[in-house]
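Engineer: This structure is in structure tokens; I'll ask about it shortly.
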Amino acid sequence: MKETVMARSVLLKSVLIRLRLGRRVNSPLARPLLLLITLCLGVAVCPAAEREVTLEAEDGWTIYGTLSLPEDLAEGERLPAVVLLHSSGHDQETFNKHYAIPGLSQTLAARRIVSLRIDWRGRGKSIGTQEFHSFTQAQRENVYLDVKAAINFLASQKEVDASRIAVLGEEFSADAAVRGSMGDARVRLFAFLSGRLGGKAKEYIASESAPVLCIVSSDDRPGFADMTEVYSRSKNPKSEILVYRNAGIGTTMFYLWRHRFPKEKPVDEQLADWMSNYLGGLGASREISFVTEDGWMIYGDLTVPQGVSGPVPGVVLLHTALSDRYVYHHLAEVVVGSGMAVLNIDWRGRGKSRGKGKYSELKQDERERGYLDAKGGINFLGSQPAIDANSIAVLGTDRGALHAVNLALKDRRVRALVILTVIFTPEEKVSLAKLEIPILYIASQGIEDVTRDLTDAYHISKNRGSRLAIFPGSALGYQLLEADSTVQSRIVNWLELQFKGY
């Protein structure tokens, strides 16, 4: 860990610090002049539909805010969302448009990101009975409750994809942004403007995988110290830091940059693009359902990459007999991040798909028809305009792997298979030998009988694209995905190769 931090610190000093700004602007005319210049340049304010909202924190404090959405939101569309938290000296209006200058809320809406800017307790409309600057230290620490309430509110909105939420904190509120998000899997990234964070928040950032974007001015010594430390301790390779010279603190950086470098990309747009690229890369996800040809109602999650032109390949994920679709949560993200769509289903008798009984109570012949659930999944994928119906793969583990093989034997639409740790009967091996599609077999060294079986299956494969990957350890099935992070990348790289040039 120490070597990683040192390496990232060197990178920070040598590459990522962008000391672009020159002399400090002290004139009281600077802000009006900025607005006049912006008006003359004709900077457009991005359209956003806004509505005032009210929410209540756990301790009963009433919080006021504004929800901003793209004006052209389609029916049923669910978008990523961001909670915007102002500094101790600002209120929610610091993220709103000013004259002809678009605010961060409008800039995010233009990138199809919903935002909720709030006046947290003691500030703006949420002052209540006491203003923030007269709070005790214990009262100040409760701002994190407002963050929790804001996240819950966003997640409850029909226009929001609750699995893709970000939190942005300006100055003091950066600490509350982290503490209010602790343990909440819905929060996928953090952004900090001149952030000040305490030890507990820093430890959380260091222990979690969510990426962070830190934006700070080098002359802001407290902010610079915290932002460089937070960036250096982040484990996510997509974390980034932008450091400017004499740029002010918090959202002031947005306006000074536009004033001094009117021809260059504004800081707030860089921030919005970073958020859009990451949240968009997670894909747009929604729960779906379909009925199989033998009458089972099957539920699943369809996740499609955003910002990709043309139909994309699709992958159906089939879990084991003792699990459900959620064991593939992270794998699905990695696959979607590579530009492929994922349909992750609960097959008959498991998860939410129990309308005709639990798997443990089904007769054997009913269990063996589970391949029809995968077939229904392919039918569903093929009906989606964003999916290339001629580029579909199926991944299965254990019993799910048998369903995948049985489907591939009967349905030529399956173009590739990924098989995780399963033992085939002699009859099933004979059937496998008939398949002409590429198959990736994955096993672990510690489970010798499984490894031996999959090795035999690999050697009878007819397709030159088939591969056998044996990983160290004794993890079985989907546990391999958790035990060794390289397993996921191996799967994705192989799938990309099969669909190359799609």
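Here, each number is a calculation from the coordinates, and none is a lab measurement. Since the structure is predicted, the reported quantities are computational estimates derived from the model, not experimental observations. When we count neighbours, we look across all protein chains shown, and the Cβ atoms used for this are built from the backbone with ideal geometry, even at glycine.
Engineer: Roughly how compact is segment 94-161, stated as its Cα Rg over 2.2 N^0.38 Å to two decimals?
Structural biologist: After normalising by residue count via 2.2 N^0.38 Å, the value is 1.32.
Engineer: Within straight cross-link reach of K238, meaning Cα distance under 20 Å, which lysines are found once same-chain residues fewer than 8 apart are removed?
Structural biologist: Counting by Cα, and skipping residues close in sequence, K238 has these lysines nearby: K2, K13, K202.
Engineer: Mind checking segment 126-168 for trypsin sites (Lys or Arg not before Pro) that DSSP puts in a loop (not H, G, I, E or B) and that have at most 16 other Cβ atoms within 10 Å?
Structural biologist: Loop-located and lightly packed - K158.
Engineer: In addition: Please work out how much length the chain gains when fully extended from S474 to T62, using 0.36 nm per residue of separation minus the C-alpha to C-alpha distance, in nm with one decimal.
Structural biologist: 143.1 nm
Engineer: Taking 7 Å along the Cα-to-C-beta vector as the label spot, tell me the K356-R221 distance in nanometres, rounded to one decimal.
Structural biologist: The two pseudo-label positions are separated by 7.2 nm.
Engineer: Please label the shape of segment 119-211 as rounded, prolate or oblate, based on the square roots a ≥ b ≥ c of the eigenvalues of the alpha-carbon gyration tensor (a/c under 1.5 means rounded; beyond that, a/b larger than b/c means prolate, else oblate).
Structural biologist: oblate
Engineer: May I ask you to list the aspartates and glutamates whose Cα is less than 17 Å away from that of K148, ignoring any residue fewer than eight positions away on the same chain?
Structural biologist: Excluding near neighbours in sequence, the set is E56, E58, D59, D119, D161, E170, D175, D184.
Engineer: At q = 0.20, 0.21, 0.31, 0.34 Å⁻¹, what is the base-10 log of I(q)/I(0) for segment 349-393 according to the Debye formula with one equal point scatterer per Cα and no solvent? Please give it to two decimals.
Structural biologist: The calculated log intensity ratios at q = 0.20, 0.21, 0.31, 0.34 Å⁻¹ are -0.71, -0.74, -1.08, -1.20.
Engineer: If you don't mind, another one. Extending each Cα 7 Å along its Cβ direction at K363 and E427, get the distance between those two points in nm, one decimal.
Structural biologist: Roughly 1.7 nm, to one decimal.
Engineer: Quick check on the chain: of the DSSP beta bridges with both residues there, what percent are antiparallel, nearest 5%?
Structural biologist: So the antiparallel bridges in the chain amount to around 35 percent.
Engineer: Please give the length that would be gained between K500 and T486 if that part of the chain were fully extended, namely 0.36 nm times their separation in residues minus their C-alpha to C-alpha distance (nm, one decimal).
Structural biologist: So the chain would gain 3.0 nm between K500 and T486.
Engineer: If you place +1 on the Cβ of every Lys and Arg, -1 on the Cβ of every Asp and Glu, and leave all else neutral, what size is the dipole of the chain about its Cα centre, to the nearest 20 Debye?
Structural biologist: 1160 debye
Engineer: Taking a temperature of 25 °C and a viscosity of 0.890 mPa s, what whole-number D in µm²/s does Stokes-Einstein yield for segment 332-480 with Rh from Kirkwood over alpha carbon pairs?
Structural biologist: Approximately 152 µm²/s, per Stokes-Einstein.
Engineer: Taking 7 Å along the Cα-to-C-beta vector as the label spot, tell me the H330-K263 distance in nanometres, rounded to one decimal.
Structural biologist: A separation of 4.7 nm, rounded to one decimal place.
Engineer: Cα extents of segment 180-298 along the three principal axes, largest first, in whole Å?
Structural biologist: 68, 38, 23
Engineer: Taking 10 °C and 1.306 mPa s as the conditions, I'd like the Stokes-Einstein D for segment 446-494 in µm²/s, using the Kirkwood hydrodynamic radius from alpha carbon pairs.
Structural biologist: 135 µm²/s
Engineer: Rounded, prolate or oblate: which fits the chain when a ≥ b ≥ c are the square roots of the eigenvalues of the alpha-carbon gyration tensor, with rounded for a/c under 1.5 and prolate only if a/b beats b/c?
Structural biologist: prolate
Engineer: Moving on to the next point. Can you pick out the pairs among K265/K500; K158/K200; K200/K235 whose Cα atoms lie more than 24 Å from each other?
Structural biologist: K265/K500; K158/K200
Engineer: Rounded to the nearest 0.05, what FRET efficiency is calculated for A155 and K434 with R0 set to 60 Å and r the Cβ-Cβ distance?
Structural biologist: Computed FRET efficiency for A155 and K434 comes out at 0.80.
Engineer: Expected output is a single nm value to one decimal: the length gained when fully extending between A74 and K462, i.e. 0.36 nm times separation in residues minus the C-alpha distance. What is it?
Structural biologist: Gain in length upon complete extension: 135.0 nm.
Engineer: Which helices pass in the chain if a helix is a full DSSP H run, must span at least 20 angstrom along its long axis by Cα, and must have mean Kyte-Doolittle hydropathy not below 0.5?
Structural biologist: none
Engineer: Mind pulling the per residue volume of the convex hull built on the Cα atoms of segment 402-450? Å³ is fine.
Structural biologist: In segment 402-450, the Cα convex hull volume per residue is 72 Å³.
Engineer: On a straight-distance basis, which aspartates and glutamates could pair with K358 in a cross-link, Cα separation under 17 angstrom, same-chain partners fewer than 8 positions away excluded?
Structural biologist: Excluding near neighbours in sequence, the set is D294, D324, D346, E366, E368, D373.
Engineer: Pop the C-beta distance of Q139 and M182 into the FRET formula with R0 = 22 Å and round what comes out to the nearest 0.05.
Structural biologist: 0.70
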